[in-house]
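The values are calculated or read from the model by the stated rules, or taken from the named source; none is laboratory data. Please read these numbers as outputs of a predicted model, since none were measured by experiment. Here the Cβ positions follow ideal geometry from the backbone for every residue, glycine too, while neighbour counts run over all protein chains shown.
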Amino acid sequence: MAFKAKTVAEWILWMAAQRGYKLSPMQLQKNLYYAQGYSLGMTGEKLFDEPIMAWEHGPVVAEVYYCFKSYGGSKILPPESVDMPNDVVGLIDVIVSQKSPLSASTLRNATHEETPYVTTPKDEEIPLQKLRDFFTNLFWTSDEEDFYEPSFNSKEEELAFFKNSLSQNLKKILIDAGSV
């Protein structure tokens, strides 16, 4: 289930504040980009519906940009509380842990070197498939010996398998990030 980008932005701002970070609008935009990319790369599903555009200073969700542009380069005041679904808490926590400590310029420079941004013409939408392909390669690698294609007896069994797989991957990411 995809959410509104502004809602995801509020989750990121809130989680960052819980970890002692306050984000500028540019930092928030890059966190959104990575949240969408990680979701696509790990699950194949988008986290939010709004497009990510290839603007001059990197990937931007225009709707969220216009909500917070009045902050300029200042830090955004986070919401006091949010109602975040349990199935996205781990993803948002990983993004915030990895990306929120980084400066806006560091995040900008990082996205400027990544394929989805580099290969998209300026001011155009970064295609979801580009994001999915790029981030999938960060999380999933397969050698011929390691390739495993499971079979399932029911849709519930399939959903349980992928939910468990996602949980294991998020746990590994959290451990690698030093969050656990």
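Identify, from the list L23, L47, the residue that is closer than 16 Å to L128 by Cα and out of contact with any Asp or Glu (no Cβ under 9 Å at 6 or more places or on another chain).
Step by step, each of L23, L47 is checked, and only L47 is closer than 16 Å to L128 by Cα and out of contact with any Asp or Glu (no Cβ under 9 Å at 6 or more places or on another chain).
What number of residues within segment 81-119 are within 18 Å of D49 (Cβ to Cβ), over 12 Å from the mean Cα position of the chain (by Cα) and not charged (D, E, K, R)?
3
Residue check: is D93 buried (at least 20 other Cβ atoms within 10 Å of the Cβ), farther than 15 Å from Q27 by Cβ and in contact (Cβ under 8 Å) with a residue 24 or more places away in the chain?
Against the criterion (buried (at least 20 other Cβ atoms within 10 Å of the Cβ), farther than 15 Å from Q27 by Cβ and in contact (Cβ under 8 Å) with a residue 24 or more places away in the chain), D93 qualifies.
Tally time: how many residues in segment 22-44 are at pLDDT 95 or above and more than 16 Å from P116 (Cα to Cα)?
Counting residues in segment 22-44 that are at pLDDT 95 or above and more than 16 Å from P116 (Cα to Cα) gives 7.
Quickly run through segment 6-24 and pick out the residues that are crowded, with 24+ Cβ neighbours inside 10 Å and in a helix (DSSP H, G or I).
V8, A9, W11, I12, L13, A16
All but one of (1) of a type in the set (F, W, Y); (2) in contact with a Gly (Cβ under 9 Å, 6 or more places away or on another chain); (3) free of Cβ contacts under 8 Å to residues at least 12 places away in the same chain hold for Y117; state the number of the condition that does not hold.
All conditions pass for Y117, except number (3).
What pairs come out if I take residues in segment 120-133 that are in a loop (DSSP other than H, G, I, E, B) and pair them with residues that are modelled with pLDDT of 95 or more and small (G, A, S) whose C-beta lies under 9 Å away, six or more apart or interchain?
Listed pairs, sorted by first residue: T120/A54; P121/A54; K122/A54; D123/A54; E124/A54; I126/A54.
Give the residue that is farthest from L159 (Cα to Cα), with candidates limited to residues of segment 25-64 that are of a type in the set (V, I, T) and outside any strand (DSSP E or B).
The qualifying residue farthest from L159 (Cα to Cα) is V64.
List, please: which pairs have Cβ atoms under 6 Å, are six or more places apart or on different chains, and start with a residue in segment 54-73 that is at negative phi and end with one that is in a loop (DSSP other than H, G, I, E, B) and among the basic types (K, R)?
A54/K122
Would you point out the residue of segment 112-164, among those that are aliphatic (A, V, I, L, M) and under 20 Å from K46 (Cα atoms), that is modelled with the lowest pLDDT?
Looking at residues that are aliphatic (A, V, I, L, M) and under 20 Å from K46 (Cα atoms), I get A160.
Among (1) without any contact (Cβ under 8 Å) to a residue 24 or more places away in the chain; (2) closer than 20 Å to Q18 by Cα; (3) surrounded by 16 or more Cβ atoms within 10 Å (Cβ to Cβ); (4) not β-branched (V, I, T), where does S100 come up short?
Every listed condition holds for S100 apart from (1).
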